[in-house]
Amino acid sequence: MQIGVYGAGYLGTVISACLADFGTPVTCCHPDSSRMVEMAQGKVPFHEKNLSEVIKRNVRSGRLAYSTDVESFARKSGVIFLAEDTPQHLPDLTLRISKAVAKPPILCIVTPVSVGTGEALEKKIHDAGLKAVIVSQPMFFTAGCAVEDFNWPDRIILGSNSNDAVQAIKQIFHPLVMRGVPVIVTNHATAELVRESATAFVAAKISFINELAGLCERVNGDAVHLSLALGLDKKIGPRCLQAGAAMGGLFAQSDMDSLARLAEQNNVSLKILSAAREVNHALADGMAQKISACLKSLQNKDVGILGLAFKPNTNSVAGSASVALAQSLVSRGARVRAYDPVAIPDAKLELNGTVHYCESAYAAAEGVEALILGTGWPEFRGLDFAKIKNLLRRPLIVDTKNILDAVRLRAMGFEYVGVGRV
């Protein structure tokens with residue numbers, strides 16, 4: 001079966017490459033010809049671990065092709081995954097594809113959409129006198145781990161009332177189905193709600209451990225040990241239970257905003273979601289206040305930040321706690337020096353010239369009164385901290401991700417400040 005993927009952003013790039021890796025012919029389509037040429041050469045417009053290699057491997061084998069001709073693309077594809085990062089073009093796109101083909105297409109909606117979109121698209125197609133089968137299929141990727149998440153998903157969600165469409169998609173994902181990945185078949189609304197609910201639940205979990213970290217600091221507790229103990233409980237689990245990690249990412253904020261709007265429109269009070277969002281938004285200012293207390297004031301103080309991406313192994317700064325922290329520090333009068341292995345170009349768009357960017361972690365540390373670890377890049381664990389200490393004006397390290405060896409650093413003469421740590 002020939003598979004089509006429409007979209008040349010984050011979702012479309014990942015999905016087309018990974019589907020081709022299953023051994024099935026895949027065409028990725030988008031009208032931007034320059035983007036299509038770059039993608040065919042393995043030039044991914046964002047940083048995502050292993051993705052460029054997957055693309056090059058499948059282009060060389062002939063399994064992955066790129067096209068700008070939507071009508072020809074639609075006619076050749078038995079199943080089409082609509083995987084743009086934003087949904088504004090979906091209604092027109094579904095009509096355009098439905099008009100171009102002789103047989104009703106199977107259109108899988110991977111783009112993050114609000115609840116009710118699947119049914120609305122079916123109605124729009126029907127009202128236009130056309131036929132197509134809509135399947136709501138949310139996919140869950142973590143930036144920096146998208147290839148791994150695609151190949152080892154927790155579940156496959158299919159929102160559809162067509163058994164034929166479900167069987168066709170199961171056949172496409174046969175390598176995962178045979179491995180035992182659960183397939184949940186439901187209606188459109190439930191499938192659409194899964195994405196937003198999952199994001200909200202993770203936000204609540206992260207916000208809860210961050211609030212407990214604040215309590216740890218008051219009662220001489222250790223948030224790292226607390227997280228480990230809680231995570232070992234089968235009812236809780238360790239993932240997303242590390243203090244200091246705000247909820248971020250390309251789709252996280254839009255998912256939570258969409259769910260909050262849906263609840264408001266239906267007169268439902270989601271108090272836990274509201275509280276989680278409030279805690280999440282307050283983390284950067286709380287951390288800035290902690291740093292200000294360490295330095296007595298941030299006015300005219302030089303501080304360094306290591307890491308600007310919202311998490312390691314990605315260049316995305318969408319919802320980045322580190323970028324929010326930099327903004328909060330600048331608003332309090334600090335002069336900020338920053339380094340990130342890959343995210344500086346994206347961070348520049350967010351920070352608007354308010355930060356001095358450095359070419360290395362050591363350059364960011366030079367002459368500052370506090371060095372802040374903002375993103376948990378593994379390379380920061382292996383820095384030469386003896387060299388760092390000589391570069392700092394004051395040997396103060398603020399570890400917002402609790403990944404550094406506090407005992408070792410304190411033994412070296414550093415002032416170490418973590419999140420919820422003694």
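The values are calculated or read from the model by the stated rules, or taken from the named source; none is laboratory data. Nothing here was measured: the structure is a model prediction, and the numbers come from that model. No Cβ is skipped: glycine too gets one built from the backbone with ideal geometry, and neighbour counts run over all protein chains shown. All accessible areas refer to the heavy atoms of the entire protein, side chains included, with ligands and DNA or RNA removed. Shrake-Rupley method; radii C 1.70, N 1.55, O 1.52, S 1.80 Å.
Of the numbered conditions (1) buried (at least 16 other Cβ atoms within 10 Å of the Cβ); (2) in contact (Cβ under 8 Å) with a residue 40 or more places away in the chain, residue 337 fails exactly one; give the number of that condition.
Unmet for residue 337, out of (1) buried (at least 16 other Cβ atoms within 10 Å of the Cβ); (2) in contact (Cβ under 8 Å) with a residue 40 or more places away in the chain: (2).
Among the listed residues 286, 248, identify the single one that is open to solvent by less than 70 Å² (accessible area, probe 1.4 Å), within 26 Å of residue 217 (Cα to Cα), out of contact with any strand residue (DSSP E or B) (no Cβ under 8 Å at 6 or more places or on another chain) and outside any helix (DSSP H, G or I).
Values: 286 fails: outside any helix (DSSP H, G or I).
Being open to solvent by less than 70 Å² (accessible area, probe 1.4 Å), within 26 Å of residue 217 (Cα to Cα), out of contact with any strand residue (DSSP E or B) (no Cβ under 8 Å at 6 or more places or on another chain) and outside any helix (DSSP H, G or I) holds for just one of 286, 248, which is 248.
Condition first: over 19 Å from residue 96 (Cα atoms), part of a loop (DSSP other than H, G, I, E, B) and not acidic (Asp, Glu). Now tell me which residues in the range 14-34 satisfy that.
Scanning the range 14-34 gives 22, 23, 24, 25.
Suppose the filter is open to solvent by less than 50 Å² (accessible area, probe 1.4 Å) and either part of a loop (DSSP other than H, G, I, E, B) or touching a His at 6+ places or on another chain (Cβ under 6 Å) (or both); does residue 214 pass it?
Details: open to solvent by less than 50 Å² (accessible area, probe 1.4 Å): yes; either part of a loop (DSSP other than H, G, I, E, B) or touching a His at 6+ places or on another chain (Cβ under 6 Å) (or both): no.
No: the conditions fail for residue 214.
Suppose we keep only residues that are of a type in the set (A, V, I, L, M, F, W, C) and out of contact with any strand residue (DSSP E or B) (no Cβ under 9 Å at 6 or more places or on another chain) within the range 342-387. Which one would you say is farthest from residue 294 (Cα to Cα)?
Quick first cut of the range 342-387, residues of a type in the set (A, V, I, L, M, F, W, C) only: 342-344, 347, 349, 351, 355, 358, 361, 363-365, 368, 370-373, 377, 380, 383, 385-386.
Those still in the list that are out of contact with any strand residue (DSSP E or B) (no Cβ under 9 Å at 6 or more places or on another chain) too: 349, 386.
Details: 349: 30, 386: 22 Å.
If we take residues in the range 342-387 being of a type in the set (A, V, I, L, M, F, W, C) and out of contact with any strand residue (DSSP E or B) (no Cβ under 9 Å at 6 or more places or on another chain), then 349 is farthest from residue 294 (Cα to Cα).
Within the range 50-67, restricting attention to residues that are touching a residue at least 24 places away in the same chain (Cβ under 8 Å) and among the aliphatic types (A, V, I, L, M), which residue is most open to solvent (accessible area, probe 1.4 Å)?
Applying the filter and picking the extreme gives 65.
Looking only at the range 68-84, which residues are open to solvent by 30 Å² or more (accessible area, probe 1.4 Å) and in a helix (DSSP H, G or I)?
The answer is 71, 75, 76.
How many residues does the range 11-49 hold that are crowded, with 16+ Cβ neighbours inside 10 Å and either free of Cβ contacts under 8 Å to residues at least 24 places away in the same chain or of a type in the set (Lys, Arg) (or both)?
Total satisfying the criteria: 2.
Take the range 297-323 and flag every residue that is β-branched (Val, Ile, Thr) and either at positive phi or in a strand (DSSP E or B) (or both). Let's see the steps before the verdict.
Kept after step one, since they are β-branched (Val, Ile, Thr), are these residues of the range 297-323: 303, 305, 314, 317, 323.
Correct list: 303, 305, 314.
Take the residues in the range 98-121 that are assigned to a helix (DSSP H, G or I) and touching a residue at least 40 places away in the same chain (Cβ under 8 Å); name whichever of them is surrounded by the most Cβ atoms within 10 Å (Cβ to Cβ). Please lay out each step first, then the result.
First pass over the range 98-121, keeping only residues assigned to a helix (DSSP H, G or I): 98-100, 117-121.
From the residues that got through so far, the ones that are touching a residue at least 40 places away in the same chain (Cβ under 8 Å) too are 117-119.
On the way: 117: 20, 118: 23, 119: 16.
Among residues in the range 98-121 that are assigned to a helix (DSSP H, G or I) and touching a residue at least 40 places away in the same chain (Cβ under 8 Å), the one surrounded by the most Cβ atoms within 10 Å (Cβ to Cβ) is 118.
So which strands (runs of 3 or more DSSP E) are wholly in the range 324-422 and hold at least 2 residues that are under 26 Å from the mean Cα position of the chain (by Cα)? Can you show your working first?
Working: elements: 335-339, 355-357, 370-373, 396-399, 415-417.
Answer list for the range 324-422: 335-339, 355-357, 370-373, 396-399.
What pairs come out if I take residues in the range 210-221 that are in contact (Cβ under 8 Å) with a residue 40 or more places away in the chain and pair them with residues that are outside any helix (DSSP H, G or I) and surrounded by fewer than 17 Cβ atoms within 10 Å (Cβ to Cβ) whose C-beta lies under 6 Å away, six or more apart or interchain?
220/422
Kindly provide the set of residues from the range 260-277 that are at pLDDT 85 or above and of a type outside the set (A, V, I, L, M), ordered by number.
Matches in the range 260-277: 261, 264, 265, 266, 267, 269, 271, 274.
Looking only at residues that are open to solvent by 60 Å² or more (accessible area, probe 1.4 Å), in a loop (DSSP other than H, G, I, E, B) and within 21 Å of residue 132 (Cβ to Cβ) in the range 152-202, which one is modelled with the lowest pLDDT?
161
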